[in-house]
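> Right, I'll just put the structure down here and ask away after.
The values are calculated or read from the model by the stated rules, or taken from the named source; none is laboratory data. Small disclaimer: the values here were computed from a predicted structure and weren't measured. Cβ: placed from backbone, ideal geometry, glycine included. Neighbour counts: every protein chain shown. Note: areas computed on protein heavy atoms with side chains; ligands, DNA, RNA excluded. Shrake-Rupley method; radii C 1.70, N 1.55, O 1.52, S 1.80 Å.
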Amino acid sequence: FDLCMFRAMCILSGCDYVQSLPGIGLKRAHALIARHKTLQSAINALSNTHQLPDGYADRVMLADMAFMHQ
């Protein structure tokens, strides 16, 4: 796990900017990022198995930028 993967895992499991999806906690977020390597790939995989709220992917990417450039 590198720093980008760690940040992605934390965002997917829920943060101040994005609520976690039902059933996606730290353990599942870790597995998603370990398998898909990037935040965008993990979101794409989640969209196949979960009904994502409107604007979820955009909020996740904005949260990633906020944590990267704080």
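> Looking at the structure I just gave you, is Asp16 of a type in the set (D, E, K, R) and at pLDDT below 95?
yes
> Restricting attention to the stretch 1-55, and to residues there that are hydroxyl-bearing (Ser, Thr, Tyr) and either in contact (Cβ under 8 Å) with a residue 60 or more places away in the chain or in a loop (DSSP other than H, G, I, E, B) (or both), which single residue is surrounded by the fewest Cβ atoms within 10 Å (Cβ to Cβ)?
Thr38
> Check Asp64 against each of (1) of a type in the set (D, E, K, R); (2) touching a residue at least 12 places away in the same chain (Cβ under 8 Å); (3) closer than 18 Å to Asp2 by Cβ; (4) open to solvent by 40 Å² or more (accessible area, probe 1.4 Å) and name the one condition it does not meet.
(4)
This table checks each residue for (1) of a type outside the set (D, E, K, R); (2) at pLDDT below 95.
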position: Ala29; (1), (2): yes, no
position: Leu32; (1), (2): yes, no
position: Ala42; (1), (2): yes, no
position: Leu46; (1), (2): yes, yes
position: Asp58; (1), (2): no, no
position: Met61; (1), (2): yes, no
position: Met65; (1), (2): yes, no
